[in-house]
Amino acid sequence: MRKPSTIRAWLSSRRKHLDDRGSGAGAVIIFALVFISLSAFVIDGGLSISKRERAADIAEQAARYAAQDIDRDALYENEGGPAPSTSGTATPA
């Protein structure tokens with residue numbers, strides 16, 4: 001049978017090896033990094049969508065301004081000849 005002093009020494013050495021103090025800090029750091037990286041993806045994706053919508057808005061606005069410059073009378077009176085036809089130049093697939 002072991003002596004009580006050797007058992008106490010063995011238990012204290014096991015406590016030092018199995019000490020889990022500070023293990024929560026590692027989990028907090030990992031979750032913080034995951035949260036920051038996911039939020040960066042969300043912000044970056046939102047900015048990308050915003051830029052794409054802005055470009056579409058500018059293109060639509062440019063098309064509206066170009067449509068306002070069309071001379072309707074000349075268009076209806078067929079001045080300048082008929083519109084070009086692509087039916088004869090298309091190649092069958």
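The values are calculated or read from the model by the stated rules, or taken from the named source; none is laboratory data. Computed from a prediction, not measured in an experiment: that's the story for all the values here. Please note: Cβ atoms are built from the backbone with ideal geometry, for glycine as well, and neighbour counts cover all protein chains shown.
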> Can you spot a residue in the stretch 21-33 that is more than 29 Å from the chain's Cα centre (by Cα) and among the aromatic types (Phe, Trp, Tyr)?
Replying inline: no
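Residue by residue, here is whether (1) aromatic (Phe, Trp, Tyr); (2) surrounded by 10 or more Cβ atoms within 10 Å (Cβ to Cβ); (3) at pLDDT below 95 holds:
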site: Val34; (1), (2), (3): no, yes, no
site: Gly45; (1), (2), (3): no, yes, yes
site: Asp71; (1), (2), (3): no, yes, yes
site: Gly80; (1), (2), (3): no, no, yes
site: Pro84; (1), (2), (3): no, no, yes
site: Ala93; (1), (2), (3): no, no, yes
